[in-house]
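Engineer: Sharing a structure here in structure tokens format.
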Amino acid sequence: MGRHNFLSIKDFSPEEIRYLLDLAREIKSHPAAHHGALKGKTLAMIFEKPSLRTRVSFDVGIQQLGGFSLYLSNAEINLGKRESLYDVAKNLERMVQGIMIRTYAHQIVEELAEYASIPIINGLTDYSHPCQAMADYLTMLELKGDLRGLKVAFIGDGNNVCHSLMFAGAQLGAHTWVATPEGYEPASEAVEWAVQRGWTTGSTCTLTNDPLEAAREADVIYTDVWASMGQEAEAEERRKLFMPYQVNTELLRHAKFDAIFMHCLPAHRGDEVTNDVIDSAHSVVYQQAENRLHAQKAILLELMQYREAAEPVRHADLAQTENR
Ligand code: CP
Ligand code: NVA
């Protein structure tokens, strides 16, 4: 495939996304076949926001492939304040072979990728969560067999997880329906991209403010927290507005009888989802969480296996050039 970074689902062709999913399935069924594939390689993990799944799945994933990870929190880096993003990129590329970053503005991930000569992986921004979407569709593939024509209903806030779910759905031929309160719709350019990609893959992307319309005959009911990391101050105000979008037994009744319930986690039980749904036989949230590991091992392999750290320009080289 020969891609250098994993920043957005939109950067790939439908075939490349499908290839990564197939590789993830292969890795999941034959993990031992890939032991040692990233021997001696190190992944730096920059976290500007908290994490359970992303941190653990990348850490365990690279170890299973024979490599190492380094956890770097704000206390170590303090991106842009202690040191510029450029200098962080230029230092890390001398010592590690890849960087996973979880941050706020999506632009930070894009700039890091521009500065660094090593692969960059988006571990969540305010705009998107592409690794999550890979695990989500891997889970749907395992449980539903075929992704084409599936009705995937996202109910709640039109956030980062929703954007990546729409992008990957458009790439893989699934129909995404997004039900949000007015004013909390996904970004319009994200919807436009999903709609247009759907013209070639046969998928559709539909917005509504009616949760029942989205849930009706759905194969998948998906929700996420109503206030994302960084929006804590809005949590109370949002709770009132979003309550009609709660995924509960009554809402689930409108979906297909064999519909699955998905959530990227962490969940706020009693808010966006009730216990009787998240703990029901419809719920696949822990399989979904486990699949972060397998999907990201595929991403790590693809980006890091056959790539040596690009040789940065050294002062000695410059001196030689000048002497010539
Ligand atoms: N779903 C997810 O990314 O979980 P964490 O925030 O715990 O990493
Ligand atoms: N939308 C959530 C996802 C957490 C994995 C957030 O950004 O906090």
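Engineer: Consider region 166-178. How many of its residues are part of a helix (DSSP H, G or I) and over 21 Å from SER13 (Cα atoms)?
Structural biologist: 0
Engineer: Output the qualifying pairs, or none if there are none: Cβ atoms under 9 angstrom, residues six or more apart or on different chains, first residue in region 212-235 and hydroxyl-bearing (Ser, Thr, Tyr), second residue open to solvent by 60 Å² or more (accessible area, probe 1.4 Å).
Structural biologist: Final answer for the pair search is SER228/ASP126.
Engineer: Same structure, new question: Would you check if MET140 is more than 26 Å from VAL109 (Cα to Cα), assigned to a helix (DSSP H, G or I) and touching a strand residue (DSSP E or B) at 6+ places or on another chain (Cβ under 8 Å)?
Structural biologist: yes
Engineer: Here is a follow-up. What pairs come out if I take residues in region 94-111 that are farther than 16 Å from CYS131 by Cβ and pair them with residues that are open to solvent by 10 Å² or more (accessible area, probe 1.4 Å) and modelled with pLDDT under 95 whose C-beta lies under 6 Å away, six or more apart or interchain?
Structural biologist: GLN97/ALA309
Engineer: Any idea which of GLY183, GLY230 is within 16 Å of ligand 2 (Cβ to nearest atom) and not β-branched (Val, Ile, Thr)?
Structural biologist: GLY230
Engineer: To continue, here is another question. Could you check region 179-267 for helices (runs of 4 or more DSSP H) lying wholly inside it with 3 or more residues that are away from ligand 1 (no atom under 16 Å from the Cβ), open to solvent by 50 Å² or more (accessible area, probe 1.4 Å) and of a type outside the set (Val, Ile, Thr)?
Structural biologist: Qualifying helices (runs of 4 or more DSSP H): 188-201, 235-242.
The values are calculated or read from the model by the stated rules, or taken from the named source; none is laboratory data. Predicted, not measured: the structure shown is a model, and the values here were computed from it. Every residue, glycine as well, gets a Cβ built from its backbone with ideal geometry; the counts of neighbours run over all protein chains shown. We work out accessible area using only protein heavy atoms, side chains counted, and drop any ligands, DNA or RNA first. Shrake-Rupley method; radii C 1.70, N 1.55, O 1.52, S 1.80 Å.
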